[in-house]
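The values are calculated or read from the model by the stated rules, or taken from the named source; none is laboratory data. These numbers were taken from a predicted model, which means no experiment stands behind them. Every residue, glycine as well, gets a Cβ built from its backbone with ideal geometry; the counts of neighbours run over all protein chains shown. What goes into the accessible areas is simple: the full protein's heavy atoms, side chains included, and nothing from ligands, DNA or RNA. Shrake-Rupley method; radii C 1.70, N 1.55, O 1.52, S 1.80 Å.
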Amino acid sequence: MEKGINYLSRSFEDVKSELIKFSEKYYPELSDDFNDSSVGAWFIDLVSDVADNLNYHIDRTYQETNVDSANLRSTILNMARTNGLKIPGRKASLCEVEISCNLPINSNDISQPNWDYAPILQRTSIVSAGNYNFQLTDDVNFGEQFNSDGFSDRKIIPSRDGNGNITSYTISKTVLAINGNYKVYRKVINGTDLKPFMEIVLPEENVMGVESVIFKETSDFSSSPSIHEYFIDAEEFKISNEAVKTYRYFETDSLADQWRFGTENNADSGNTINVYNPHKYEDYTEGDSASTRTTRYYVGKWKPLTQKFITEFTDNGYTKLIFGAGNTASPSYKDIPSGQTKYADYIMSKMINNDMLGVLPREGWTMFVLYRTGGGAETNVGPNAINKITLANIDWGANTNNTDGTERGKVITSLKVTNLTNAIAGKDEPSTEEIKALIKYNMSAQNRAVTVNDYKIKLAQMPPKYGAAFRSCVLETNNKIEIDVLGMNSQGKLDSALPETLVKNIIEYMTHYKQINDYIEIKSGRIYNIGLSIDVFVDKNYNVANVVSNIINKVADYFDVSKHDMGEDIFIGDLEKEITLQDGVLSLISLNVYKIRNGGYSPDVCPLPTKSSGGVCEPIETSTFLLKDGTAEAEEIDLDAIDRVLYSDYNSMFEISNKSSDISVRCKIR
């Protein structure tokens, strides 16, 4: 029988006991005395202690290989990196703020303010709620109808004196504000920095994120770049008043990413650009007035990506930037030698010039890293808490020479701010247990579109500045992907119009994810406008007007398009139940639904069966029910024939266009 001790003995006492038994069994002549003062006891204790220590470290090492039993934060972070999971740091709270100022009237046209005095409140400006600072996420240009995402966000309110004369205009715009402070890290790149996968560690622990990284091709660029330069969507550009070029590096999820969806601008064609308005876009209007601009779509396209970096948090909480590996201009790469075959030139050039994982900057360039610090759960403040503009970084654009300094001072003094919503989403850095959960339940989504649901998800991820589809549906037929889209206009109503730029952006965006043999077709969705006629018994002890108002609001809320999707059926039985539960309603007598088209409504014809052959619906009592003008057509839907369910087509939505005119409620008092 082979000699040995029990391998299950792992503690000091168990190993000692096994060694004594082993000695007594196999070496009885040496084990007569194992008292504490004997040499044998000393030797056994020594071996037992070594075995105990080895077992402890083996157990601990194995423990750190499993996500459930690991305790060291460094081990957990390494597991996250291995699984492709990017662990966030502290998160900033954010909210919507409204900023206003007073502009003088235009001496040539008193119906308009003097837009020469419209300031540009830069995104580096700070608004405060007590000791908590919030920075704007976008420039607030009071002279512009739109924000940078293309949405109309400006209101103009005239201010009048006692005689009713307009004395000035109050201009207000909304913008998201995020807790924290912008900071800039500056470094001149030297030869020792340049090595494959160069790492730069920012000097602060509470970094929430890196906003942008740019390089100037000189080592003596002493002044800091303007905030606008950090957000120009181009890898290489030249500012009109500078002698050197600027290179922007973009953060990606992986250094292997080869493309990014960006905005077309003048820098794409190598032109010198203006930092205030470098990007290309198209404006769209609603109604008959061409001056009523409501939507802006930026022109987007996929751009090759070589200047890129990723970020990681170090084990002790600092933020690390990791750049690529290729740079043909760096001194660390030798020039291709001469006197060899063309094939050798080709192979060597392909290896040296490999930029698939990104390129390094050049020696002597000046790096500027714009990052944000702050955040935490304590920054989630309530509404109207932000009421102070702590730092107003104002730019007057090209209008400085056309304006009076005193009047500009009045405009600055009139600036006011308030937050319209709660500041939410502020959060401390994730705990070790939270990171464990993220690792265990993280599933990296495929970055391609295979099924129709994949197409719908990818479309929803398209940045809103390039056009946002309020609702969409995707259908596949013989390798043709049909995407039906409905938008929303400035009044919050469904809109089937598809601007050309939006269609081009969707097709361009989806080409990066679609299968090679899929053909994409973009179409307008269908809008089925409906109206309702409701008769109810009302308790005489209730105010009839209030009961009617509550019913109308309940119906409008039930049909609210934000609560439904394209192709979703509407159950009238559920609505009837909701109406009977309203205070003061004794019973529901009848509920009729009409489909309406033309005359200010959607021209789409609802295919549901009708009770009549058609025609214009007569007004009920003195209301304008179903009639926006004399050309509107309305037909009553036969609800009994469709089991009181409004069945929707796959590419359509039901909508009540105007609740005040398209919902009629008649009451009988009991």
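Bridgeable lysines around LYS195 (alpha carbons under 17 Å apart, same-chain partners fewer than 8 residues away excluded): LYS187, LYS308, LYS320, LYS334. When THR124, THR421, THR379, THR61 are compared by accessible area at a 1.4 angstrom probe, the order from most to least is THR61, THR421, THR124, THR379.
Solvent-accessible area assigned to carbon and sulfur over the range 111-158 amounts to 44 percent, based on a 1.4 Å probe.
For the range 172-276, what does the alpha-carbon gyration tensor say about shape, rounded, prolate or oblate, given a ≥ b ≥ c as the root eigenvalues, a/c under 1.5 as rounded, and a/b over b/c as prolate? Since a/c stays below 1.5, the shape of the range 172-276 is classed as rounded. For the range 483-566, give the percent of accessible area contributed by carbon and sulfur heavy atoms, probe 1.4 Å, rounded to a whole number. Carbon with sulfur: 45 percent of the solvent-accessible area. Only aspartates and glutamates eight or more places from LYS427 in sequence, or on another chain, were considered; those with a Cα closer than 17 Å are GLU205, GLU378.
Write down the accessible area per residue of the range 36-169 in Å², having rolled a 1.4 Å probe over the full set of protein chains.
Numbers: 7030 Å² over 134 residues.
In whole numbers, the range 36-169 has 52 Å² accessible per residue.
When nucleic acids and ligands are ignored and a 1.4 Å probe is applied, SER648 ends up with an accessible area of around 20 Å². Of TRP42, TRP259, the residue with the largest accessible area leads and the full order is TRP42, TRP259 (1.4 Å probe). Using a probe of 1.4 Å on the protein chains alone, the accessible area found for GLU407 is around 50 Å². Excluding same-chain neighbours fewer than eight residues apart, the aspartates and glutamates reachable from LYS416 by a Cα-Cα span under 12 Å are GLU98. Distance between the modelled labels on ASP315 and ASN422, one decimal in nanometres: 3.9 nm (7 Å Cα→Cβ projection).
Taking every protein chain into account, the accessible area of the range 486-605 amounts to 46 square angstrom per residue (probe 1.4 Å).
Taking all protein chains together and a 1.4 Å probe, the residues SER111, SER657 rank SER111, SER657 from largest to smallest accessible area. Taking a threshold of 23 Å on the Cα-Cα distance, which of the pairs LYS155/LYS493; LYS91/LYS514; LYS301/LYS563 fall above it? With Cα atoms farther than 23 Å apart: LYS91/LYS514; LYS301/LYS563.
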